[in-house]
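For reference, the structure is listed below as structure tokens.
Readers should treat all values here as calculations from the given coordinates under stated rules, not as data from a laboratory. This structure is a prediction, so every number in the text was calculated from the model and none was measured. Every residue, glycine among them, receives a Cβ derived from its backbone with ideal geometry; neighbour counts consider all protein chains shown.
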Amino acid sequence: MKLATLRTGGGTRAVRLDGDVLVDLGVPDVGALLAAEGWAERAAAVSAADAVTYPVAGADLAPVVPAPSKVVCVGLNYRNHIQEMGRDLPDHPTLFAKFADSLIGPGDDIVRPDETRGFDWEAELAVVVGAPVRRARGAQAEQAVAGFTVLNDITCRDWQFRTREWLQGKTWDSTTPLGPYLVTPDELPGGVRPALDVRLLVDGEVMQSDTTGDLLFDPVALVEYISTVVRLNPGDIIATGTPGGVGHARRPERYLLGGETVVTEIAGIGRLENRVVKEAPAPQERVS
């Protein structure tokens, strides 16, 4: 099953992909759907013949979960990316967070802040949580995985490395595409531990190409680890980390300047296609 959040003239709607149409599931977004008991059965039971439908062509999709209670991100989780960044393999997941204000839809513009000179890309598989869990283990952690989506963890590298903590480089407003669909594990090879090809292109040039099979900590292990620290709620997002090929590790370094088209795609899930636009400089205060 593939689920999305669609923007309409009357607000957003949770929808299910059914051929060339999107079937309205009767709730405002995928986050609200996941909060309902028996959400998977409920979503599957809606008949396209009886529900409002929308064409897939030209659909304006929002972030698949527009307002998660938390977005937990994992750094240094692909072996080749760890090596290109000159780090040792970690014993535990490296965690940081994003805020929901950073999220944009799969076709929205990525807003490049005027304050950065190190605007970088990071293609990532994202876990979408489907049940409230705390200290989950084994089967409980597996069952908490509602599905997977695509995320581009756009990063202001110069701000990220100002200190040892990464938050200030990772959660700039309107920079993080998320979507297009939540794909349930039954549709993916490997299920809750999927093995999927990941690619990122900038203006048609391949920058990242790998498989999620190279993850050091798999999605279930991340649910177990993170839920030990904090309760995970339906609709929460776990960004599992990026493979090698980021602009910061290239020699010379290569960053997004504005005007580029960035495509992030994961086989079996979908594609983000976003144009990078420059944010207008903040007005300077006049000194009298």
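What lysines could a cross-link reach from residue 2, if we take a straight Cα to Cα line under 24 Å and drop same-chain neighbours fewer than 8 places away?
70
Mark the label point 7 Å from the Cα of residue 253 along Cα→Cβ and return the residues of region 72-111 whose backbone N is within less than 17 Å of it.
84-87
Which whole-number percent is the relative contact order of region 7-86 (Cα, under 8 Å, 6+ apart)?
On the way: 79 pairs, mean separation 24.4, N = 80.
Relative contact order for region 7-86 comes out at 31 percent.
Can you tell me the order of 272-279, 230-237 when each peptide is scored by its average per-residue count of other Cβ atoms within 10 angstrom, highest first?
Averaged packing, sorted descending, gives the order 230-237, 272-279.
Taking one equal scatterer on every alpha-carbon of the chain, how large is log10 of I(q)/I(0) by Debye at q = 0.15 1/Å?
Debye curve over Cα of the chain, log10 I(q)/I(0) at q = 0.15 Å⁻¹: -1.12.
Could you sort 64-74, 35-45 so that the peptide with the highest average Cβ count within 10 Å comes first and the rest follow in order? The partial results should precede the final answer.
Numbers: 64-74: 23.6, 35-45: 13.6.
Peptide ranking by packing, descending: 64-74, 35-45.
Could you work out how far helix 219-229 tilts from the main Cα principal axis of the chain, as a 0 to 90 degree angle to the nearest 10?
Here the helix axis deviates by roughly 80 degrees.
Can you grab the distance from the C-alpha centre of region 141-168 to the C-alpha centre of region 44-95, Å, no decimals?
Region 141-168 and region 44-95 have Cα centres spaced 10 Å from each other.
Relative contact order for the chain: what is it in percent, counting Cα pairs under 8 Å that are at least 6 residues apart? Spell out each step's value before the answer.
Numbers: 740 pairs, mean separation 68.2, N = 288.
Relative CO of the chain lands at 24 percent.
Distance from the Cα centre of region 26-41 to that of region 171-204, in angstrom?
Here the answer is 20 Å between Cα centres.
I need the phi-derived Karplus couplings for region 106-114: 6.51 cos²θ - 1.76 cosθ + 1.60, θ = phi - 60°, integer Hz, Gly and Pro marked x.
These are the phi-based 3J(HN,Hα) values: x, x, 6, 6, 8, 8, 7, x, 5 Hz.
Can you sort 85, 207 by how many other beta carbons sit within 10 Å, fewest first?
Fewest to most other Cβ atoms nearby, the residues stand as 85, 207.
5 Å is the cut-off here: which amide hydrogens, built 1.01 Å from N in the peptide plane, fall below it relative to residue 52, excluding neighbours closer than 5 in sequence?
24
Among 97, 51, 123, which one shows the biggest mean-square fluctuation in a GNM of the chain, springs joining Cα atoms closer than 10 Å?
Of the options given, 51 has the highest mean-square fluctuation.
Quick check on the chain: of the DSSP beta bridges with both residues there, what percent are antiparallel, nearest 5%? Display every interim value, and only then the final one.
Values: 55 of 63 bridges.
Within the chain, antiparallel bridges account for around 85 percent of the total.
What are the ³J(HN,Hα) values, in whole Hz, obtained from phi via the Karplus relation 6.51 cos²θ - 1.76 cosθ + 1.60 with θ = phi - 60°, for each residue of region 120-127 in sequence order, with x given for Gly and Pro?
Ordered by residue, 3J(HN,Hα) equals 10, 9, 7, 6, 9, 7, 10, 8 Hz.
From the backbone phi of region 150-158, what are the Karplus-calculated ³J(HN,Hα) couplings (6.51 cos²θ - 1.76 cosθ + 1.60, θ = phi - 60°) in whole Hz, Gly and Pro given as x?
3J(HN,Hα) across region 150-158, in whole Hz: 10, 9, 10, 7, 4, 9, 8, 4, 5.
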